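Step one of this worksheet: look at the structure below.
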């Protein structure tokens, strides 16, 4: 079998000159941190890894510092000043590359941070037979025509597709197409520019991973669908104290000592929930130095942690608690603890697990000096 044709030498242009106001962020969305790094940096890194020998980034005139910070440490990067329209920004990038023209160029939107290598390979491969190639996905919903708020008809979705980037082109042909553009209508992508000049554009399979970040909820939806946190706490047993455990007051000859009610089980759960959303620990939110929490019920600590999780866009999936002690016996109280914790957390009781174990008379819990608890919290994104 003949070996496949080598991929053309290619460069990339990333369009990052927009204001991104619809994303509702304090700075343009391409510079907002997403999954640990600026949105723009993700696509730059992906395209470099895919083999781009250089990348031109079209930026707004006042965004030079943000762009440099977002791409710090990366090589083969250059910036050009973007224009008033997307087409003008791309044209600036093409002219910069024309000084040392590549065989092909990929043109990509900064708002699409994930760039699967397989899509890049499909686009470049299609350029062997076509002047341009674009990734696209089929439409699965009914497409309605509307007017004045009512449906007037529908489109045949089998003839339509959702167009994505990066779009690939033979460099000389897309450069010529942009230079020849004479329409007052602004194109929404570069495939339209090439077709306007008579070039043929191939369709290749796109990817759901190429989702575009447009609105504020898009950033929230990109958070992990499931997060997990762990918690561990210890309190000593002391005479003259009430014993609060798992939200219940339990009759016992000793109680747990602490600034609040010292409910070691709920404290472990609080830390587990806070850990899952990366928001400190129980001491961060309820420091023992604060007199407001002296003798306070730990149920309000757990309720607060759950509310913080909700603000972060997560709900309780399940809570798994293990209480470690020689006495009192936990078995008779398990079901009541589950019901109490479920009520505090706002979930069904079957989402709560309460277990108990001993240390076979070993250590401080084995000697009856204190009680320990460990917990695991699983949080699920609200829209998942």
Of all C-alpha pairs within the stretch 1-159, those more than 24 angstrom apart amount in percent to 44 percent
Based on the alpha-carbon set only, what is the convex hull volume of the stretch 226-381 divided per residue, in Å³?
98 Å³
For the chain, modelled as a Gaussian network with Cα springs under 10 Å, which listed residue fluctuates most, 153, 73, 82?
153
Relative contact order for the stretch 327-384: what percent, with Cα pairs under 8 Å and sequence separation of 6 or more?
21 percent
With only helices counted (DSSP H, runs n ≥ 4, each -39500 (n - 2.57)), the per-residue ellipticity at 222 nm for the chain, to the nearest 500, works out to -8000 deg cm²/dmol
The stretch 226-381: relative contact order as a whole-number percent, Cα under 8 Å and 6+ apart
33 percent
Taking the convex hull of Cα positions in the chain, its mean projected area over all directions (nm²)
28.8 nm²
Between rounded, prolate and oblate, where does the stretch 30-71 land on the alpha carbon gyration tensor, with a ≥ b ≥ c its root eigenvalues, rounded for a/c under 1.5, else prolate if a/b exceeds b/c?
oblate
If neighbour count is taken as other Cβ atoms inside 10 Å, put 130, 178 in order from fewest to most.
130, 178
So for the stretch 252-342, what percent of the C-alpha to C-alpha distances run longer than 22 Å?
30 percent
With the contact rule set at Cα under 8 Å and sequence spacing of 6 or more, what percent relative contact order holds for the chain?
14 percent
Across the stretch 128-265, what fraction of all alpha-carbon pairs, as a whole percent, falls in each successive 5 Å bin from zero upward?
2, 8, 10, 9, 10, 10, 8, 5, 4, 3, 3, 5, 6, 6, 6, 3, 2, 1
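Of all beta bridges DSSP finds with both residues in the chain, what is the antiparallel percent, to the nearest 5?
Counting DSSP beta bridges with both partners in the chain, the antiparallel share is about 60 percent.
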0 to 90° range, to nearest 10: angle between helix 86-97 axis and the chain longest Cα axis:
70 degrees
Of the candidates 337, 78, 151, which one comes out as most mobile in a Gaussian network treatment of the chain with C-alpha springs shorter than 10 Å?
151
In cubic angstrom, how much convex hull volume per residue do the alpha carbon atoms of the stretch 278-328 span?
122 Å³
For the chain, the longest principal axis of the Cα atoms and the Cα long axis of helix 117-126 enclose an angle in degrees, to the nearest 10, of 10 degrees
How far is helix 334-345 tilted off the main Cα axis of the chain, in degrees rounded to 10, range 0 to 90?
50 degrees
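Quick note: the coordinates plus some simple rules give every number you see, no bench work behind them. Here the structure is a predicted model, which is why all the values come from computation and not from measurement. Glycine gets a Cβ as well: all are built from the backbone with ideal geometry, and neighbour counts include every protein chain shown.
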